[in-house]
Structures are given as C-alpha cells and as structure tokens.
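Presented below is the structure to which this report refers.
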Amino acid sequence: MDILGEILKQVIEGAAQQQAQQQRQPQPQPRQQPQQPPQGMPSPNDLGDILSQIFGGGSAQKLPEVVKQFEEKGMRDQVDSWVRTGPNKPVDRRQIEETFGQQELDRYARSKGIDRDQLAEVLAKYIPRIIDELTPSGQLPARRG
C-alpha cells in the first residue's frame, strides 16, 4: 500500500492549484511550460522520491523515526501539532537542516541535481502536512515487527 504516494499526490496537486491561482492574477508573465519547477527546485517526481527515502517508502515505515528526529532537535511542540488534529505549527529551513543534517540534505539534493537550500525550504513546507496526513487519528501508528 502506497500511503505516502497518495498523500504526496494530494499535497502536490493542492500546491499546484494554489500556484495556478496565484499565476491567474493579472500580471504579465512569460509563458512557461507546465509542470516545470523553477531552476534548482525539485520536480514533483523528485520531491516524491526524496520524501519516500525520508519516510521509508510508500508505507511510511520510518514515520516514527522522523518524528523522533524532530523531537530530539527540540521541536516537540511542532511535531505534536502535526501529529494531533488541529493546526500545524510551522518549521523553517534551518530546522529542517538541523533535523536531517546538511550532509543528508546535500546527498538528496545532489542525487536529483537540485539546490540544497531550496530543497530544505520545500521540505519545511511539506513535511508538517505529510506527517499530519499520515496521522489522521491524532497519534502515530503502532509499530509493527
């Protein structure tokens, strides 16, 4: 079961719709090819691959470990807001870098030919939403195994 893939699809489609609405604002802009991310930004497929690596594949097996990483870096309040029902507290690029480490982010970015800082920004935007979606009951799933 590819839970993460379904959640990513919903989150990325929502972001694409939001971006399309912003582009409909009356501003002269050159025509861009659809689905092309700005230079250095991850494409939806690249982002999906990176998030799949972070969360341990389509079934998000590493979710408890990811949550623990954030908690160990002093972000228990943020993580609790993502897991529980209700609004999600934000996280910024620096907190993503602290949690995953610059070497790990470099590895993900290099593997897809994207900018590490922009990757950290994108992860800061999506990880809270993904953890929120992976925990609809307001708690982490029980570990199996």
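Label-to-label distance for E65 and I3 is 1.6 nm, based on points extended 7 Å past Cα in the beta-carbon direction. The trypsin sites (Lys or Arg not before Pro) of segment 97-145 that meet both conditions, a loop assignment by DSSP and at most 13 other Cβ atoms within 10 Å of the site Cβ, are R143, R144. The calculated FRET efficiency for A142 paired with R110, based on their beta-carbon distance and R0 = 30 Å, is about 0.25. Could you pull out every one of the aspartates and glutamates with an alpha carbon less than 19 Å from that of K112, ignoring same-chain neighbours closer than 8 positions? Cα-Cα hits under 19 Å: D46, D49, E97, E104, E121. Cross-link reach is defined here as a Cα-Cα straight distance under 27 Å, omitting same-chain residues fewer than 8 places apart; for K89 the lysines meeting it are K9, K62, K68, K73, K125.
Once the chain from Q102 to D117 is taken as fully extended at 0.36 nm per residue, the excess over their C-alpha distance is 4.5 nm. With 0.36 nm allotted per residue and the present C-alpha distance subtracted, the Q10-D77 stretch has 21.6 nm of extension available.
FYI, it's all coordinate maths here, none of it is from the lab. What you are looking at is a predicted structure, and each value in this text was computed from that prediction instead of being measured. For neighbour counting, all protein chains shown are included, and Cβ atoms are generated from backbone atoms with ideal geometry for every residue, glycine included.
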